[in-house]
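Okay, so here's the structure we're looking at.
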Amino acid sequence: RAMLWARNLLESPESPVILDLETSGKDPATAEIVQIGILAINGQILLDSLVRPTQLIPPGATAVHHITDEMVKDAPTLKELYPRLKEILCNAVVVIYNVGYDAPLLKANLTRANLPKINPAWVTCAMLAFADYVGEWDEIHGNNRWQKLPEGDHTAIGDCRQTLEIIKKMAANAQP
């Protein structure tokens, strides 16, 4: 099923996009986006930008993604990036590695910035598909174990590229 999902994405006439965010924390209620990456399914970079948050980036977040306050001080705000973000995502098929984290975080950040909601045509989770592809059953949770993004570098566009690579890997094994 995961292999067919991946093949269908790569062959989709709707040209899906892959989205990844780097943030100032883990809690969608307070975390701010500090980097956005969006990659077309053909590998073209559609958006790769740092984002200037309203508050300082906690050291723990910087330790993960290496984005510092100095790096984002002159970056565009989410409000400034919104027109391009909306243009890319509105009515798009959006693929996210761990949609359960990034999608609510994007929605919360748009709400806090008093920006209108963006309505993609469909949002799907590459992490769940990859978990099914790997197939390590988790008795405790009753599903396939979630996998870390292989070789992800904790940059938004780098993680988009790695998500595309696992989609290609899964699709290569799909039977017609």
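Relative to the longest principal axis of the Cα atoms of the chain, helix 99-112 runs at roughly 30 degrees. Among beta bridges identified by DSSP and lying wholly in the chain, the antiparallel ones come to about 65 percent. Accessible surface for the chain, divided over its residues, is 54 Å² per residue with a 1.4 Å probe.
According to the square roots a ≥ b ≥ c of the eigenvalues of the Cα gyration tensor, what is the shape class of segment 9-142, taking rounded for a/c under 1.5, prolate for a/b larger than b/c otherwise, and oblate for the remainder? Note, shape of segment 9-142 comes out oblate.
Could you tell me which residue out of THR77, GLY142, GLY100 lies farthest along the dipole of segment 67-167 toward its positive end? Charges go on the beta carbon: Lys and Arg +1, Asp and Glu -1, centred on the Cα centre. Among THR77, GLY142, GLY100, the one farthest towards the positive end of the dipole of segment 67-167 is THR77. Does segment 45-102 come out rounded, prolate or oblate, given a ≥ b ≥ c as the square roots of the eigenvalues of its C-alpha gyration tensor, rounded meaning a/c under 1.5 and, failing that, prolate meaning a/b above b/c? The shape class here is oblate.
Accessible area of segment 46-176 with a 1.4 Å probe: how many percent of it is carbon plus sulfur? C and S atoms contribute 55 percent here. For segment 86-176, the square roots of the Cα gyration tensor eigenvalues, ordered a ≥ b ≥ c, give a/c of at least 1.5 with a/b greater than b/c, which places it in the prolate category. With an 8 Å cut-off on Cα pairs and a minimum separation of 6 or more residues, tell me the relative contact order of the chain in percent. Answer for the chain is 30 percent. Along the axis of the charge dipole computed for segment 28-175 (Cβ charges of +1 for Lys and Arg, -1 for Asp and Glu, origin at the Cα centre), the listed residues VAL34, PRO58, ILE88 are led at the positive end by ILE88.
Volume per residue for segment 1-64 equals 130 cubic angstrom (convex hull of Cα atoms). For the chain, a simple Cβ point-charge model (Lys and Arg +1, Asp and Glu -1, everything else neutral) yields a dipole of about 400 debye relative to the Cα centre. For the chain, lysine pairs separated by 8 or more sequence positions, or belonging to different chains, with Cα-Cα distances below 18 Å total 9. For a paramagnetic label modelled on ASN91 (point 7 Å from Cα along Cα→Cβ), amide N atoms under 13 Å away belong, within segment 112-141, to 119-122.
The values are calculated or read from the model by the stated rules, or taken from the named source; none is laboratory data. Because the structure is a prediction, the values reported are computed rather than measured. Note that we place each Cβ from the backbone using ideal geometry, even for glycine, and neighbour counts take in every protein chain shown. Calculation scope for accessible area: heavy atoms of the full protein, side chains included, ligands and nucleic acids excluded. Shrake-Rupley method; radii C 1.70, N 1.55, O 1.52, S 1.80 Å.
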